[in-house]
Amino acid sequence: MAKKVALLGSTGSIGRQSLEVIDALGYQVAALTAGRNVDLLERQIRKYHPPVVALADEAAAEMLRGRLSNLKEPPQVLYGRDAARNVVAECDADIVLNAIVGIAGLEATLTALAGGVDVALANKESLVAGGDLVLKEMAVTGANLLPVDSEHSAIFQCLQDVHSAKSLEKIILTASGGPFYGWNPEQLAGVGKAQALNHPNWSMGQKITIDSATLMNKGLELIEAMWLFGLPPERIEILVQRESIIHSMVQFSDHSVLAQLGMPDMRLPIQYALTWPRRLPGPAPALDFDTLSGLSFGRPDADTFRCLAACRRAAEKGGLAPCAANGANEEAVALFLREEISFLDIGRLVEGCVDSDSYAGGYALDDVVLCDAQARQYVREHL
Ligand code: NAD
Ligand code: MG
């Protein structure tokens with residue numbers, strides 16, 4: 001059956017690869033959304049003809065409306081902070097693929113799940129910041145969350161046998177180690193934006209590329225895995241797998257370990273999230289063992305990469321601590337990309353923010369929004 005997909009963040013790295021998968025599968029596009037990239041969104045609209053689209057930026061949306069006026073049936077164009085969420089509420093999709101970057105994706109995830117629509121989730125920040133709210137919506141409507149993040153897709157694939165899944169003992173979350181694996185703080189002090197944006201194995205959006213360099217990405221993924229698979233942080237081990245061929249592993253109570261392997265190509269996990277529970281032929285290339293010289297392993301250095309230590313502490317604290325870690329990181333990464341703070345400042349600020357409060361207790365959406373704003377303010381006040 002050709003599913004109808006609402007694709008949020010369609011102009012980004014995951015968004016563009018998702019459209020390649022949608023093309024290969026012959027699926028339909030129910031909606032497209034982006035932040036402010038009018039040129040690419042316009043080209044996508046002319047190719048996929050979605051009935052409703054959105055841009056976060058109002059001026060960009062006005063420009064888009066003008067450019068689409070010569071279409072016979074132009075799509076409805078929404079804009080503003082709530083636009084992606086409103087698109088999800090209005091469109092007629094079988095599945096929402098959320099590839100927005102940052103906590104900006106949270107409300108769209110919640111809206112889809114509340115409406116009983118499955119979500120293919122690339123937007124890990126929404127689960128990190130508001131995981132409890134996301135799980136509550138899923139429990140009410142029974143909608144599914146299908147992981148797009150390659151590690152979580154790997155774990156999810158390894159847990160498809162429900163009998164084995166019951167005896168899951170631990171998750172072995174793999175990490176590439178990023179461009180600065182093995183570096184010490186003295187070497188990291190001078191790292192600039194261009195160096196940090198140069199990832200060895202993956203080509204991704206700017207924010208997640210910096211997160212991969214600081215190991216914040218692995219910290220966010222640790223918290224993401226806790227919510228998706230219901231394990232406490234001490235049962236999630238992080239292992240450096242330099243070649244990014246083993247995308248993660250699970251260990252069962254009999255100590256059998258299952259791994260999922262593949263080329264570092266996001267089209268595979270994107271496709272599995274869209275076709276689950278089925279597997280179909282897809283555009284990701286096959287793994288070629290003749291050209292693979294070896295698989296190497298190591299441990300992450302959380303003493304040097306403070307974002308990882310901060311996320312583990314936030315995971316142990318629970319409550320809004322992961323939301324604070326995420327908000328502080330979003331602010332710090334934006335400052336680093338504007339070359340206003342150094343590479344090591346990112347970890348210092350995220351850790352300082354996590355340590356500044358207990359963050360204990362339950363929360364509603366308003367609390368998440370407030371905590372995120374306060375974490376960003378903490379960063380600006382501690383430069
Ligand atoms: P990207 O920056 O390339 O794309 C982000 C998309 O979100 C763009 O379409 C942009 O227009 C849109 N956007 C940005 N700010 C917005 C806002 N305030 N409101 C609405 N839309 C907004 O990012 P990406 O690399 O594609 O990553 C997207 C998400 O997927 C992130 O959460 C990231 O952590 C996750 N992810 C990415 C990869 C990867 O390989 N790129 C892998 C795993 C997980
Ligand atoms: Mg990942």
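Just grab the label-to-label distance for Asp39 and Thr291, each label 7 Å out from Cα along the Cβ direction, in nm (one decimal).
So the two model labels end up 3.1 nm from each other.
If I model the stretch 105-182 as equal point scatterers sitting on the Cα atoms and use the Debye formula, what is log10 I(q)/I(0) at q = 0.21 Å⁻¹?
So the normalised log intensities are -1.03.
Please report the antiparallel percentage of the DSSP beta bridges confined to the chain, to the nearest 5.
Roughly 30 percent of the DSSP beta bridges within the chain come out antiparallel.
Cross-link partners among lysines for Lys3, C-alpha distance below 21 Å, same-chain residues fewer than 8 apart left out?
Correct list for Lys3: Lys47.
Please report Rg over Rh for the stretch 254-357, where both radii come from the alpha carbon positions and Rh follows the Kirkwood definition.
1.10
How many percent of Cα pairs in the stretch 272-314 exceed 12 Å?
Roughly 77 percent, rounded to a whole number.
Using 20 Å bins from zero, what percent of all Cα-Cα pairs in the chain falls into each bin?
29, 60, 11, 0
Using only the Cα atoms, work out Rg/Rh for the stretch 232-278, with Rh taken as the Kirkwood radius, to two decimals.
1.02
Can you sort Ser203, Ser126, Ser356 by how many other beta carbons sit within 10 Å, fewest first?
Ranking Ser203, Ser126, Ser356 by Cβ neighbours within 10 Å, fewest first, gives Ser203, Ser356, Ser126.
Which percent of the Cα-Cα distances in the stretch 44-90 go past 15 Å?
Counting pairs separated by more than 15 Å, the tail of P(r) holds 39 percent.
Could you tell me the extents of the stretch 301-370's C-alpha atoms along the three principal axes, largest first, rounded to whole Å?
Principal extents (largest minus smallest coordinate, Cα): 35, 26, 15 Å.
Work out from phi, with θ = phi - 60° and the Karplus expression 6.51 cos²θ - 1.76 cosθ + 1.60, the ³J(HN,Hα) of each residue of the stretch 46-59, listed in order in whole Hz, and give x for Gly and Pro.
5, 8, 9, 6, x, x, 9, 9, 8, 10, 5, 8, 5, 4
What whole-number value in cubic angstrom gives the convex hull volume per residue for the C-alpha atoms of the stretch 4-147?
Here the figure is 89 Å³ per residue.
Aspartates and glutamates near Lys207 by alpha-carbon distance under 15 Å, same-chain residues fewer than 8 away left out - which ones?
Glu125, Asp149, Glu221, Glu330, Glu331, Glu339
Using every Cα-Cα pair within the stretch 119-234, state what percent have a distance larger than 24 Å.
34
Which of Lys166, Lys72, Lys207 has the fewest other C-beta atoms within 10 Å, and how do the rest follow up to the most?
Lys72, Lys166, Lys207
Each value in this text was obtained by applying a stated rule to the coordinates, not by laboratory testing. None of the values given here were measured: they were computed from a predicted structure. All Cβ positions, glycine included, derive from the backbone under ideal geometry; neighbour counts span all protein chains shown.
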